Each structure stands twice: as C-alpha cells, then as structure tokens.
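The values are calculated or read from the model by the stated rules, or taken from the named source; none is laboratory data. Everything numeric in this text was worked out from a predicted model, so none of it was measured. With ideal geometry, Cβ positions are generated from the backbone for all residues, glycine too; neighbour counts draw on all protein chains shown.
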Amino acid sequence: MTLGESGALDAIYKVPVEISVVLGKSSLRVNQLLKLGRGAVVELDQRTNQPVEIFANEILVARGEVVITEGDRIGVTLTELVKSIYTR
C-alpha cells in the first residue's frame with residue numbers, strides 16, 4: 001500500500017456512518033393517525049422475541065437483540081451479520 005492509499009484509507013475510516021435500529025413497523029390510515037394521543041399504543045409487526053434490524057446509512061447490515069446498558073440506556077447485541085450486496 002502506498003502512502004497515498006494509506007491516507008485515503010484513513011480518510012474513509014473517518015467518514016461518519018448513521019446507525020439506526022428498527023423495532024418494527026406499522027401502517028395506519030390518516031384518520032387513525034389523527035386520533036392518536038398521549039398514551040396511545042401503536043402495535044408493531046415485530047414480536048418481542050424476534051431480532052431487530054440494524055441499518056448503517058439505511059442499508060441492512062445486522063440483526064440483534066435489544067438490551068439495557070449501564071445507565072438505563074437501550075442498546076443492541078448483534079446476533080447476525082447480514083451479507084451485503086457491497087461485500088464481495
């Protein structure tokens with residue numbers, strides 16, 4: 001690897017990646033959405049024992065289980081890496 005390639009690689013490693021975790025999805029009609037208020041529960045298509053999906057910049061990269069971390073924060077333990085169309 002040349003010095004230029006090394007610098008380019010370092011730059012790539014510093015690119016921010018947004019990670020998002022999808023707990024589930026739901027579809028509502030507009031009239032149902034307008035009726036929602038404080039305390040309303042929106043039922044999702046996911047069961048409590050199913051893995052959640054983990055996305056990196058909107059690309060599915062893994063699945064995992066929701067956990068509570070130190071300080072009562074929510075985290076995800078990775079249980080499966082998803083083969084991406086970008087990996088060869």
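Here are some notes:
- Residue count for segment 20-34, restricted to those that are out of contact with any strand residue (DSSP E or B) (no Cβ under 6 Å at 6 or more places or on another chain) and of a type in the set (A, V, I, L, M, F, W, C): 4.
- Scanning segment 1-22 for residues that are surrounded by 10 or more Cβ atoms within 10 Å (Cβ to Cβ) and modelled with pLDDT of 95 or more turns up Ile19, Ser20, Val21, Val22.
- Of the residues making up segment 51-79, those that are loosely packed, with under 12 Cβ neighbours inside 10 Å and more than 14 Å from Ile19 (Cα to Cα) are Val67, Ile68, Thr69, Glu70, Gly71, Asp72, Arg73.
- Candidate set: segment 5-32, residues that are in a helix (DSSP H, G or I) and among the hydrophobic types (A, V, I, L, M, F, W, C); chosen: the one farthest from Asp45 (Cα to Cα): Ala8
- Pair list, Cβ < 8 Å and 6+ apart or interchain, from segment 51-78 residues that are within 24 Å of Val15 (Cβ to Cβ) and at pLDDT below 95 to residues that are of a type in the set (Lys, Arg) and part of a strand (DSSP E or B): none
- Pairing each residue of segment 23-49 that is closer than 22 Å to Val76 by Cβ with any residue that is outside any loop (DSSP other than H, G, I, E, B), provided the two are 6+ apart or on different chains, yields C-beta distances under 6 Å for Leu23/Val52.
- Top-ranked residue in segment 41-88 [being of a type in the set (Asp, Glu) and part of a loop (DSSP other than H, G, I, E, B); ranked as nearest to the chain's Cα centre (by Cα)]: Glu58
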